[in-house]
Amino acid sequence: MNSTIKRIGVLTSGGDAPGMNAAVRAVVRSAAFFSIECIAVYQGYQGLISNNTKQLNARGVNNIINKGGTVLKSARCLEFRTPEGRKKAFETIQKNNIDGLIVIGGDGSFTGAMIFQSEFNIPVIGIPGTIDNDIYGTTHTIGYDTALNTVIEAIDKIRDTAISHNRLFFVEVMGRDAGHIALNTGIGAGAEEILIPEEDMGLDRLLDSLKRSEKSGKSSSIVVIAEGDKTGKNVFEIAEYIEKNLPYYEVRVSVLGHMQRGGSPSCFDRVLASRMGVHAVESIINGKSNVMVGIDDSKMILTPLSQAIKGKSKINKDLIRVSEILTV
Ligand code: ADP
(Lines give C-alpha, C1' and ligand atoms only; values in the text may rest on other atoms or scores of the structure.)
Protein backbone atom coordinates (compact mmCIF):
# COMPACT_ATOMS: atom_id res chain seq x y z
CA MET A 1 0.00 0.00 0.00
CA ASN A 2 1.19 3.49 -0.84
CA SER A 3 0.66 5.69 2.20
CA THR A 4 2.22 8.55 4.14
CA ILE A 5 1.85 6.40 7.25
CA LYS A 6 5.19 4.75 8.00
CA ARG A 7 4.90 4.37 11.76
CA ILE A 8 1.88 4.07 14.03
CA GLY A 9 1.42 4.18 17.78
CA VAL A 10 -1.03 1.97 19.68
CA LEU A 11 -2.31 2.33 23.24
CA THR A 12 -5.02 0.97 25.54
CA SER A 13 -6.84 3.49 27.70
CA GLY A 14 -9.62 3.76 30.30
CA GLY A 15 -11.26 0.67 31.76
CA ASP A 16 -9.57 -2.55 30.67
CA ALA A 17 -11.53 -5.26 28.88
CA PRO A 18 -10.81 -8.87 27.89
CA GLY A 19 -9.77 -8.96 24.25
CA MET A 20 -7.74 -5.74 24.34
CA ASN A 21 -4.59 -7.87 23.97
CA ALA A 22 -6.02 -9.61 20.92
CA ALA A 23 -6.63 -6.12 19.46
CA VAL A 24 -3.07 -4.98 20.24
CA ARG A 25 -1.73 -8.17 18.64
CA ALA A 26 -3.84 -7.57 15.54
CA VAL A 27 -2.67 -3.96 15.24
CA VAL A 28 1.02 -4.88 15.63
CA ARG A 29 0.81 -7.83 13.23
CA SER A 30 -1.19 -5.92 10.60
CA ALA A 31 1.36 -3.11 10.75
CA ALA A 32 4.12 -5.67 10.14
CA PHE A 33 2.09 -7.18 7.30
CA PHE A 34 1.80 -3.79 5.58
CA SER A 35 5.49 -3.01 6.28
CA ILE A 36 4.93 -0.16 8.68
CA GLU A 37 6.46 0.17 12.12
CA CYS A 38 4.49 0.01 15.33
CA ILE A 39 5.28 1.76 18.61
CA ALA A 40 3.50 0.45 21.71
CA VAL A 41 2.61 3.18 24.19
CA TYR A 42 2.31 1.90 27.77
CA GLN A 43 -0.25 3.11 30.36
CA GLY A 44 -2.55 4.87 27.94
CA TYR A 45 -2.25 8.64 27.60
CA GLN A 46 0.03 8.70 30.66
CA GLY A 47 2.66 6.83 28.64
CA LEU A 48 2.19 9.21 25.75
CA ILE A 49 2.99 12.12 28.06
CA SER A 50 6.01 10.43 29.70
CA ASN A 51 7.30 8.73 26.51
CA ASN A 52 6.80 5.24 27.93
CA THR A 53 7.11 3.54 24.56
CA LYS A 54 8.66 0.54 22.86
CA GLN A 55 8.78 -0.58 19.27
CA LEU A 56 7.09 -3.94 18.76
CA ASN A 57 7.51 -6.33 15.87
CA ALA A 58 5.21 -9.22 14.93
CA ARG A 59 6.99 -11.53 17.41
CA GLY A 60 6.62 -8.98 20.22
CA VAL A 61 2.96 -9.90 20.60
CA ASN A 62 3.36 -13.68 20.78
CA ASN A 63 1.17 -15.53 23.30
CA ILE A 64 -1.09 -12.65 24.32
CA ILE A 65 -4.25 -13.42 22.31
CA ASN A 66 -5.62 -15.54 25.16
CA LYS A 67 -4.78 -13.14 28.00
CA GLY A 68 -7.23 -10.92 29.88
CA GLY A 69 -6.44 -7.33 30.89
CA THR A 70 -3.99 -5.39 28.74
CA VAL A 71 -0.26 -6.04 28.43
CA LEU A 72 0.15 -2.38 27.44
CA LYS A 73 -1.45 -1.42 30.80
CA SER A 74 -4.10 1.24 31.07
CA ALA A 75 -4.43 4.41 33.10
CA ARG A 76 -6.81 7.21 33.86
CA CYS A 77 -4.71 10.25 33.04
CA LEU A 78 -5.81 13.65 34.34
CA GLU A 79 -2.88 15.47 32.74
CA PHE A 80 -4.07 14.53 29.24
CA ARG A 81 -7.22 16.55 29.94
CA THR A 82 -5.06 19.71 30.00
CA PRO A 83 -3.58 21.47 26.92
CA GLU A 84 -0.12 21.31 28.58
CA GLY A 85 -0.42 17.55 29.03
CA ARG A 86 -1.48 17.03 25.43
CA LYS A 87 1.42 19.21 24.25
CA LYS A 88 3.83 16.86 26.06
CA ALA A 89 2.04 13.91 24.48
CA PHE A 90 2.56 15.42 21.05
CA GLU A 91 6.25 15.84 21.79
CA THR A 92 6.41 12.05 22.30
CA ILE A 93 4.63 11.59 18.97
CA GLN A 94 7.27 13.78 17.30
CA LYS A 95 10.22 12.18 19.11
CA ASN A 96 9.12 8.73 17.95
CA ASN A 97 8.16 9.83 14.42
CA ILE A 98 4.64 8.47 14.90
CA ASP A 99 2.37 9.30 11.91
CA GLY A 100 -0.90 8.02 13.34
CA LEU A 101 -2.38 6.71 16.58
CA ILE A 102 -4.70 3.79 17.31
CA VAL A 103 -6.57 4.13 20.60
CA ILE A 104 -8.24 1.09 22.14
CA GLY A 105 -10.67 2.21 24.84
CA GLY A 106 -14.07 3.64 25.67
CA ASP A 107 -15.84 6.93 25.05
CA GLY A 108 -13.57 8.90 27.43
CA SER A 109 -10.51 7.70 25.53
CA PHE A 110 -12.17 8.61 22.22
CA THR A 111 -12.98 12.11 23.52
CA GLY A 112 -9.31 12.58 24.38
CA ALA A 113 -8.27 11.21 20.97
CA MET A 114 -10.59 13.60 19.15
CA ILE A 115 -9.32 16.66 21.02
CA PHE A 116 -5.71 15.55 20.43
CA GLN A 117 -6.40 15.08 16.72
CA SER A 118 -7.98 18.53 16.40
CA GLU A 119 -5.10 20.24 18.20
CA PHE A 120 -2.18 18.54 16.42
CA ASN A 121 -3.70 17.13 13.26
CA ILE A 122 -2.45 13.63 13.98
CA PRO A 123 -4.59 10.87 12.43
CA VAL A 124 -6.42 8.81 15.08
CA ILE A 125 -8.52 5.65 14.85
CA GLY A 126 -10.56 4.26 17.75
CA ILE A 127 -11.18 0.61 18.59
CA PRO A 128 -14.01 0.14 21.12
CA GLY A 129 -12.81 -1.85 24.11
CA THR A 130 -15.19 -1.87 27.06
CA ILE A 131 -17.27 -4.56 28.75
CA ASP A 132 -20.34 -2.28 28.97
CA ASN A 133 -21.16 -2.31 25.24
CA ASP A 134 -22.27 1.32 25.62
CA ILE A 135 -20.73 2.76 22.45
CA TYR A 136 -22.70 3.88 19.43
CA GLY A 137 -21.50 2.64 16.03
CA THR A 138 -20.92 -1.00 16.90
CA THR A 139 -23.27 -3.76 17.99
CA HIS A 140 -20.47 -5.25 20.09
CA THR A 141 -17.51 -3.76 21.92
CA ILE A 142 -14.42 -5.83 22.73
CA GLY A 143 -14.83 -7.50 26.12
CA TYR A 144 -18.62 -7.45 26.26
CA ASP A 145 -19.14 -11.07 25.20
CA THR A 146 -16.54 -12.34 27.67
CA ALA A 147 -18.15 -10.33 30.47
CA LEU A 148 -21.56 -11.82 29.62
CA ASN A 149 -20.12 -15.33 29.89
CA THR A 150 -18.36 -14.53 33.16
CA VAL A 151 -21.56 -13.16 34.67
CA ILE A 152 -23.66 -16.11 33.47
CA GLU A 153 -21.20 -18.54 35.05
CA ALA A 154 -21.32 -16.65 38.35
CA ILE A 155 -25.14 -16.48 38.40
CA ASP A 156 -25.41 -20.21 37.61
CA LYS A 157 -23.35 -20.88 40.73
CA ILE A 158 -25.46 -18.49 42.80
CA ARG A 159 -28.56 -20.31 41.55
CA ASP A 160 -27.28 -23.58 43.05
CA THR A 161 -27.14 -22.07 46.51
CA ALA A 162 -30.39 -20.10 46.01
CA ILE A 163 -32.31 -23.31 45.25
CA SER A 164 -30.83 -25.18 48.20
CA HIS A 165 -31.97 -22.58 50.72
CA ASN A 166 -35.17 -21.01 49.34
CA ARG A 167 -33.26 -17.82 48.90
CA LEU A 168 -33.95 -14.71 46.92
CA PHE A 169 -30.71 -13.38 45.47
CA PHE A 170 -30.11 -9.86 44.23
CA VAL A 171 -27.11 -9.93 41.93
CA GLU A 172 -25.54 -6.60 40.98
CA VAL A 173 -23.72 -6.53 37.66
CA MET A 174 -21.72 -3.75 35.97
CA GLY A 175 -23.51 -1.11 33.93
CA ARG A 176 -23.76 2.38 35.40
CA ASP A 177 -25.36 3.89 32.31
CA ALA A 178 -26.21 0.86 30.19
CA GLY A 179 -28.24 -2.25 30.97
CA HIS A 180 -26.85 -4.50 28.23
CA ILE A 181 -25.00 -6.81 30.62
CA ALA A 182 -27.93 -7.00 33.07
CA LEU A 183 -30.56 -7.58 30.40
CA ASN A 184 -28.69 -10.25 28.47
CA THR A 185 -27.30 -12.14 31.46
CA GLY A 186 -30.66 -11.85 33.21
CA ILE A 187 -32.36 -13.63 30.31
CA GLY A 188 -29.46 -16.03 29.81
CA ALA A 189 -29.33 -17.02 33.46
CA GLY A 190 -33.12 -17.22 33.80
CA ALA A 191 -33.50 -14.35 36.27
CA GLU A 192 -36.90 -13.59 37.74
CA GLU A 193 -36.58 -9.85 37.21
CA ILE A 194 -34.03 -7.53 35.64
CA LEU A 195 -33.48 -3.91 36.66
CA ILE A 196 -31.65 -1.64 34.21
CA PRO A 197 -30.79 2.08 33.92
CA GLU A 198 -32.91 2.58 30.79
CA GLU A 199 -36.33 1.55 32.16
CA ASP A 200 -37.96 2.30 35.48
CA MET A 201 -39.84 -0.76 36.59
CA GLY A 202 -40.37 0.59 40.12
CA LEU A 203 -39.97 -1.21 43.41
CA ASP A 204 -43.67 -1.97 43.82
CA ARG A 205 -43.85 -3.72 40.48
CA LEU A 206 -40.83 -5.75 41.48
CA LEU A 207 -42.49 -6.64 44.76
CA ASP A 208 -45.74 -7.65 43.03
CA SER A 209 -43.86 -9.78 40.57
CA LEU A 210 -41.93 -11.58 43.30
CA LYS A 211 -45.14 -12.14 45.28
CA ARG A 212 -46.77 -13.63 42.21
CA SER A 213 -43.90 -16.03 41.64
CA GLU A 214 -43.93 -17.08 45.25
CA LYS A 215 -47.67 -17.87 44.93
CA SER A 216 -47.04 -19.78 41.72
CA GLY A 217 -44.72 -22.12 43.60
CA LYS A 218 -41.25 -20.66 43.14
CA SER A 219 -39.15 -21.29 46.20
CA SER A 220 -36.09 -19.36 45.10
CA SER A 221 -35.46 -16.49 42.75
CA ILE A 222 -32.73 -14.40 41.21
CA VAL A 223 -33.03 -10.71 40.40
CA VAL A 224 -30.29 -9.13 38.27
CA ILE A 225 -29.68 -5.44 38.87
CA ALA A 226 -27.42 -3.12 36.86
CA GLU A 227 -25.26 -0.81 39.00
CA GLY A 228 -27.09 2.24 37.74
CA ASP A 229 -30.64 0.93 37.70
CA LYS A 230 -33.40 3.50 37.26
CA THR A 231 -34.99 3.16 40.73
CA GLY A 232 -32.01 5.21 41.96
CA LYS A 233 -31.58 2.82 44.88
CA ASN A 234 -28.56 0.61 45.32
CA VAL A 235 -28.80 -3.17 45.44
CA PHE A 236 -28.68 -3.27 49.27
CA GLU A 237 -31.53 -0.75 49.63
CA ILE A 238 -33.64 -2.68 47.12
CA ALA A 239 -32.94 -5.97 48.90
CA GLU A 240 -33.86 -4.43 52.25
CA TYR A 241 -37.16 -3.11 50.90
CA ILE A 242 -38.10 -6.48 49.42
CA GLU A 243 -37.05 -8.40 52.54
CA LYS A 244 -39.31 -6.22 54.70
CA ASN A 245 -42.26 -6.89 52.45
CA LEU A 246 -41.64 -10.50 51.53
CA PRO A 247 -40.75 -12.43 54.68
CA TYR A 248 -41.07 -15.86 53.03
CA TYR A 249 -37.69 -15.57 51.33
CA GLU A 250 -34.26 -15.31 52.87
CA VAL A 251 -32.79 -12.40 50.92
CA ARG A 252 -29.11 -12.23 49.96
CA VAL A 253 -27.08 -9.77 47.92
CA SER A 254 -24.15 -10.58 45.67
CA VAL A 255 -22.15 -7.79 44.02
CA LEU A 256 -20.07 -9.33 41.25
CA GLY A 257 -17.74 -6.33 40.90
CA HIS A 258 -14.41 -6.32 39.12
CA MET A 259 -14.28 -10.05 38.38
CA GLN A 260 -16.55 -9.12 35.46
CA ARG A 261 -13.67 -7.33 33.75
CA GLY A 262 -11.19 -10.17 34.01
CA GLY A 263 -10.54 -13.54 32.48
CA SER A 264 -9.44 -15.02 29.22
CA PRO A 265 -11.38 -13.49 26.29
CA SER A 266 -14.11 -15.55 24.62
CA CYS A 267 -13.63 -16.75 21.05
CA PHE A 268 -16.10 -14.09 19.90
CA ASP A 269 -14.07 -11.30 21.52
CA ARG A 270 -10.79 -12.62 20.11
CA VAL A 271 -12.19 -12.75 16.59
CA LEU A 272 -13.84 -9.34 16.97
CA ALA A 273 -10.63 -7.78 18.32
CA SER A 274 -8.59 -9.37 15.53
CA ARG A 275 -10.92 -8.02 12.86
CA MET A 276 -11.07 -4.57 14.43
CA GLY A 277 -7.27 -4.40 14.74
CA VAL A 278 -6.74 -5.30 11.09
CA HIS A 279 -9.45 -2.89 9.97
CA ALA A 280 -8.05 -0.05 12.09
CA VAL A 281 -4.58 -0.40 10.54
CA GLU A 282 -5.99 -0.65 7.02
CA SER A 283 -8.12 2.44 7.67
CA ILE A 284 -5.27 4.58 8.96
CA ILE A 285 -3.07 3.53 6.03
CA ASN A 286 -5.92 4.50 3.68
CA GLY A 287 -5.99 8.02 5.09
CA LYS A 288 -8.95 7.67 7.45
CA SER A 289 -8.91 9.59 10.72
CA ASN A 290 -11.21 10.55 13.59
CA VAL A 291 -13.27 7.41 13.13
CA MET A 292 -14.01 4.32 15.20
CA VAL A 293 -14.00 0.80 13.86
CA GLY A 294 -17.20 -1.09 14.64
CA ILE A 295 -19.14 -4.18 13.71
CA ASP A 296 -22.67 -4.24 12.35
CA ASP A 297 -24.40 -7.31 10.98
CA SER A 298 -21.05 -9.08 10.91
CA LYS A 299 -19.50 -6.34 8.71
CA MET A 300 -16.76 -3.92 9.71
CA ILE A 301 -17.92 -0.30 9.62
CA LEU A 302 -16.48 3.12 10.46
CA THR A 303 -18.27 5.76 12.53
CA PRO A 304 -16.99 9.30 13.21
CA LEU A 305 -15.61 9.45 16.76
CA SER A 306 -17.91 12.41 17.49
CA GLN A 307 -20.96 10.21 16.79
CA ALA A 308 -19.57 7.20 18.64
CA ILE A 309 -19.19 9.36 21.73
CA LYS A 310 -22.48 11.26 21.57
CA GLY A 311 -24.76 8.59 20.14
CA LYS A 312 -26.54 6.27 22.55
CA SER A 313 -26.25 2.53 22.21
CA LYS A 314 -29.89 1.52 22.51
CA ILE A 315 -31.22 -1.30 24.60
CA ASN A 316 -33.04 -3.99 22.61
CA LYS A 317 -36.71 -3.61 23.64
CA ASP A 318 -37.52 -7.09 22.44
CA LEU A 319 -35.27 -8.44 25.18
CA ILE A 320 -37.39 -6.66 27.79
CA ARG A 321 -40.54 -8.22 26.30
CA VAL A 322 -38.95 -11.68 26.20
CA SER A 323 -37.83 -11.43 29.80
CA GLU A 324 -41.33 -10.37 30.90
CA ILE A 325 -42.95 -13.28 29.06
CA LEU A 326 -40.53 -15.85 30.43
CA THR A 327 -41.05 -14.92 34.06
CA VAL A 328 -44.71 -15.98 33.88
P1 ADP B 1 -13.01 5.08 28.98
O2 ADP B 1 -12.16 5.31 27.78
O3 ADP B 1 -13.06 3.63 29.38
O4 ADP B 1 -14.38 5.74 28.85
P5 ADP B 1 -12.15 7.24 30.79
O6 ADP B 1 -13.43 7.99 30.74
O7 ADP B 1 -11.49 7.09 32.11
O8 ADP B 1 -12.26 5.74 30.24
O9 ADP B 1 -11.12 7.94 29.80
C10 ADP B 1 -9.81 7.44 29.63
C11 ADP B 1 -8.82 8.58 29.51
O12 ADP B 1 -9.14 9.39 28.37
C13 ADP B 1 -8.83 9.57 30.68
O14 ADP B 1 -8.08 9.12 31.78
C15 ADP B 1 -8.21 10.81 30.05
O16 ADP B 1 -6.80 10.70 30.03
C17 ADP B 1 -8.75 10.74 28.62
N18 ADP B 1 -9.91 11.64 28.50
C19 ADP B 1 -11.19 11.40 28.86
N20 ADP B 1 -11.97 12.47 28.66
C21 ADP B 1 -11.16 13.43 28.15
C22 ADP B 1 -11.33 14.80 27.77
N23 ADP B 1 -12.52 15.39 27.83
N24 ADP B 1 -10.25 15.47 27.31
C25 ADP B 1 -9.03 14.90 27.24
N26 ADP B 1 -8.79 13.63 27.62
C27 ADP B 1 -9.82 12.91 28.06
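The values are calculated or read from the model by the stated rules, or taken from the named source; none is laboratory data. This is a predicted model, so every value here is computed, not measured. Ideal geometry is used to build each Cβ from the backbone, glycine not excepted, and the neighbour counts take in all protein chains shown. With ligands, DNA and RNA removed, areas are computed over all heavy atoms of the protein, side chains included. Shrake-Rupley method; radii C 1.70, N 1.55, O 1.52, S 1.80 Å.
Data for the structure
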| quantity | calculated |
| --- | --- |
| Charge sum, other residues only, whose C-beta stays under 11 Å from LYS6's C-beta, Lys/Arg counted +1 and Asp/Glu -1 | -1 |
| 1.4 Å probe accessible area per residue over region 145-261, in Å² | 45 Å² |
| Over 32 Å (Cα to Cα) - which of LYS87/LYS299; LYS54/LYS87; LYS87/LYS233; LYS288/LYS317; LYS67/LYS317 fall in this group | LYS87/LYS299; LYS87/LYS233; LYS288/LYS317; LYS67/LYS317 |
| Alpha carbon centroid spacing (whole Å) that separates region 133-163 from region 267-328 | 17 Å |
| Gyration tensor over alpha-carbon atoms, the chain, equivalent ellipsoid semi-axes in Å | 42, 18, 17 |
| List CYS267, CYS38, ordered by accessible area with a 1.4 Å probe, largest first | CYS267, CYS38 |
| Dipole of the chain [Lys/Arg +1, Asp/Glu -1 at C-beta], most positive-end residue of ILE222, LEU195, VAL27 | VAL27 |
| Helical mean residue ellipticity (222 nm; -39500 (n - 2.57) per DSSP H run of 4+; nearest 500) of the chain | -13000 deg cm²/dmol |
| Cα point-scatterer Debye curve for region 145-261, base-10 log of I(q)/I(0) at q = 0.13, 0.15, 0.20, 0.24 Å⁻¹ | -0.43, -0.57, -1.05, -1.51 |
| Residue of MET20, MET300, MET114 that the Gaussian network model of the chain assigns the largest fluctuation, springs spanning Cα pairs under 10 Å | MET300 |
| 0 to 90° range, to nearest 10: angle between helix 203-215 axis and the chain longest Cα axis | 50 degrees |
| Rounded D (µm²/s) - region 188-328, Kirkwood Rh over Cα pairs, Stokes-Einstein at 20 °C, 1.002 mPa s | 116 µm²/s |
